[in-house]
Amino acid sequence: MTMLLSLIVEPGFFASGPVRTAAVVGGVAAVVSGAVGVFTVIRGQSFAGHSLADVSSAGGAAAFLLGINPLLGFLGMGVIAAACMELFHVDRASERDLVTGVVTGAGLGLAALLLYLDVTMSSTTGAAVTVMFGSMFAIPASIVPLALAVGIGALVAIAVLYRPLLLCSLDPDLAAVRGVPVRLVGLLHLVVAALAVALSAMTVGAILSTALLIGPAAIALHLAKRPGMAILLASAIGVAATWGGILVAYDSYEWTGGHGWPVSFCIVAIIFTSYVAVAQTELGGVRQAPRAARPPVSSRD
Amino acid sequence: MINTWIAATLVAAVAGVVGFFVVMRGAAFAAHALPLSAFPGAAAASLLGVNPLLGLLVFAALGVAGISWLARRARRDLATALSLVLLLSLGALFLSRTTEYFQATYALLFGEILGVSRAELWPVFALSSASIALVVVLFRPLLLNSVSPEIAETMGVPARLMDVLFLGVVALATAMAVPVVGTLLVFSLMVGPASAARALTDRPLSAMMLSAGLAVVMVWAAIALSFISDWPVGFFVGALSAIAYFAGRVWSSALPLRRAAAVGAP
């Protein structure tokens with residue numbers, strides 16, 4: 001048994017400080033992302049989720065510039081972006097994507113400016129890459145308390161929002177009739193998604209936080225019919241993929257002669273192959289995908 | 001400097017033309033995802049010592065394939081997101097291999113519009129001609145399919161094929177534009193001007209040409225502003241694109257007022 005374990009896990013894995021920090025921060029990010037991601041997928045807001053990541057990276061760049069904690073930069077920018085998207089809200093889905101897109105473009109333009117100022121004003125090299133792709137094994141341990149606090153806060157918010165958010169996501173008209181403040185709930189959903197994205201941005205990077213947000217959720221929605229079950233499953237799958245990815249990335253230093261594969265790649269690869277596996281068996285089998293995950297009649301957006 | 005203006009004009013014109021359909025089909029996410037998906041291709045190409053343009057084309061095509069294949073198993077936005085993250089993670093893998101990190105990445109993401117050489121103009125010219133030619137040929141069936149896929153299908157326009165072709169045109173425009181304006185800005189050029197154009201006119205052909213015109217004006221303004229302030233072009237493109245979109249929305253919402261004023265005039 002120990003022989004098998006030592007085959008899979010390279011020496012020093014469990015003892016490594018960076019690995020432990022990565023596992024904790026990544027784990028928290030995965031749990032929160034999976035949970036809120038279920039709602040994001042049901043609401044068809046994958047673009048908004050991705051967009052929050054892109055715009056938040058402007059916050060990361062700002063943090064470099066101001067010398068503050070990058071997580072705070074991400075969070076601040078993410079919340080602003082969420083507010084913008086909800087402020088300019090429209091009802092038609094394709095219109096909504098357009099607003100999301102425009103906010104993304106503007107946010108990225110801002111990121112371009114801030115990164116440029118980063119380079120000219122300080123000497124932080126590699127800022128663009130770090131901000132966007134994350135550097136999982138380089139997370140400072142001092143961030144862990146803040147990450148945990150944000151993660152717990154986000155989970156509490158999801159628990160409180162659970163019923164109204166579920167109703168708004170599945171049947172907004174009914175929710176409105178019942179007196180649920182649909183737009184407020186929508187805004188809060190985006191804010192919690194921004195929190196999840198900020199957490200994952202520290203680990204897999206802004207661009208790939210989308211994978212943690214919607215991947216496990218998409219898989220879970222294929223497997224579970226009840227939303228509550230889907231949320232638990234999505235979080236579990238997210239954590240499994242994150243820890244698995246960390247392991248593979250750590251091990252890969254051995255196979256690749258000291259260079260190693262980036263953790264973000266390993267995690268996304270696991271998530272993607274899992275999704276394809278689940279979706280593929282769906283097609284062959286009798287079981288129908290839940291309504292939220294099934295493609296609509298026409299082939300365009 | 002003249003090369004920059006020429007390249008930017010070509011890129012903007014094509015982006016405006018393609019953007020007209022992007023806005024009409026509500027395909028904003030795909031228009032954003034395809035340039036980002038193409039980015040790893042450039043990274044892979046420079047790893048292999050191959051022309052980055054080739055890498056961009058291959059990965060943009062992979063993006064199209066990914067979205068189309070996944071769209072049969074999942075909702076459209078989910079398919080786009082999954083295809084995007086897969087290709088981006090590959091990008092992370094390739095990037096981890098190279099040593100010239102920052103400048104190359106920054107250029108790929110935000111463009112090196114002010115550094116366009118004469119040699120780089122030819123591929124831009126070729127690809128933009130190809131893109132526009134494709135749009136001209138496909139204009140009617142694509143328009144039909146964009147307005148109503150079901151009716152188009154009954155008229156002999158295969159919906160799935162049109163969708164793949166549309167994505168293909170976006171991919172082509174992407175590959176051409178990325179080296180010039182960068183992955184993150186192609187998209188702004190496609191969306192902002194087209195939205196404004198759509199608010200100003202109902203007629204498809206006019207809207208498309210107006211969209212191209214507005215995109216060209218936008219890019220010229222962005223280059224000029226960047227030249228004066230030394231700030232990156234991308235910042236101005238993003239900002240101007242947002243302004244264009246919101247101006248369009250304000251104009252559209254003022255429509256009832258304008259109509260009332262027209263009717264009320266003696």
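The values are calculated or read from the model by the stated rules, or taken from the named source; none is laboratory data. Keep in mind that what you see is a predicted model, and the values were worked out from it rather than measured. Glycine gets a Cβ as well: all are built from the backbone with ideal geometry, and neighbour counts include every protein chain shown.
Go through A:LEU212, A:LEU232, A:LEU199 for me and flag whichever is away from chain B (no Cβ under 14 Å), buried (at least 24 other Cβ atoms within 10 Å of the Cβ) and part of a helix (DSSP H, G or I). Give the derivation first.
On the way: A:LEU212 fails: away from chain B (no Cβ under 14 Å); A:LEU232 fails: buried (at least 24 other Cβ atoms within 10 Å of the Cβ).
Residue meeting the stated conditions: A:LEU199.
Yes/no matrix, rows are residues, columns are (1) more than 10 Å from chain A (Cβ to nearest Cβ); (2) assigned to a helix (DSSP H, G or I); (3) at pLDDT below 90:
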site: B:ALA175; (1), (2), (3): yes, yes, yes
site: B:PHE187; (1), (2), (3): no, yes, yes
site: B:ALA215; (1), (2), (3): yes, yes, no
site: B:ILE223; (1), (2), (3): yes, yes, yes
site: B:GLY234; (1), (2), (3): no, yes, yes
Report every pair of residues separated by at least 6 positions or lying on different chains whose Cβ atoms are under 6 Å apart, first residue within region B:116-132 and within 11 Å of B:VAL11 (Cα to Cα) and assigned to a helix (DSSP H, G or I), second among the β-branched types (Val, Ile, Thr) and modelled with pLDDT under 85.
none
Of all residues in region B:236-264 being more than 9 Å from chain A (Cβ to nearest Cβ) and not aliphatic (A, V, I, L, M), the one that is nearest to the chain's Cα centre (by Cα):
B:GLY248
Give me a count of the residues in region B:134-156 that are of a type in the set (Val, Ile, Thr) and within 12 Å of chain A (Cβ to nearest Cβ).
2
Mind telling me which of the residues B:ALA197, B:ALA261, B:ALA247, B:ALA239 ends up being small (Gly, Ala, Ser), in a helix (DSSP H, G or I) and surrounded by 24 or more Cβ atoms within 10 Å (Cβ to Cβ)?
B:ALA197
Going by the structure shown, is B:SER195 of a type in the set (Ser, Thr, Tyr) and without any contact (Cβ under 8 Å) to a residue 60 or more places away in the chain?
no
Among the candidates B:GLY49, B:GLY55, residue that is modelled with pLDDT of 85 or more and more than 16 Å from the chain's Cα centre (by Cα)
B:GLY55
Selection from region B:23-42 of residues that are at the interface with another protein chain (Cβ under 9 Å from one of its Cβ atoms) and closer than 12 Å to B:LEU167 by Cα
B:ARG25, B:ALA27, B:ALA28, B:PHE29, B:ALA30, B:ALA31, B:HIS32, B:ALA33
Quick one: in region B:43-71, which of the residues that are at the interface with chain A (Cβ under 9 Å from one of its Cβ atoms) and either among the hydrophobic types (A, V, I, L, M, F, W, C) or in contact with a His (Cβ under 6 Å, 6 or more places away or on another chain) (or both) is farthest from A:GLN280 (Cα to Cα)?
B:ALA71
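With at pLDDT below 90, under 14 Å from the mean Cα position of the chain (by Cα) and either more than 14 Å from chain A (Cβ to nearest Cβ) or outside any helix (DSSP H, G or I) (or both) as the only criterion, which of B:ALA8, B:ALA74 stands out? Break it down stepwise before answering.
Numbers: B:ALA74 fails: under 14 Å from the mean Cα position of the chain (by Cα).
Answer to the selection: B:ALA8.
Report whether or not B:ILE223 is in contact with a Ser or Thr (Cβ under 7 Å, 6 or more places away or on another chain) and in contact (Cβ under 8 Å) with a residue 24 or more places away in the chain.
Details: in contact with a Ser or Thr (Cβ under 7 Å, 6 or more places away or on another chain): yes; in contact (Cβ under 8 Å) with a residue 24 or more places away in the chain: yes.
Criteria met by B:ILE223.
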Selection count where residues are closer than 22 Å to A:ALA217 by Cβ and either of a type in the set (D, E, K, R) or buried (at least 21 other Cβ atoms within 10 Å of the Cβ) (or both), scope region A:240-259:
4
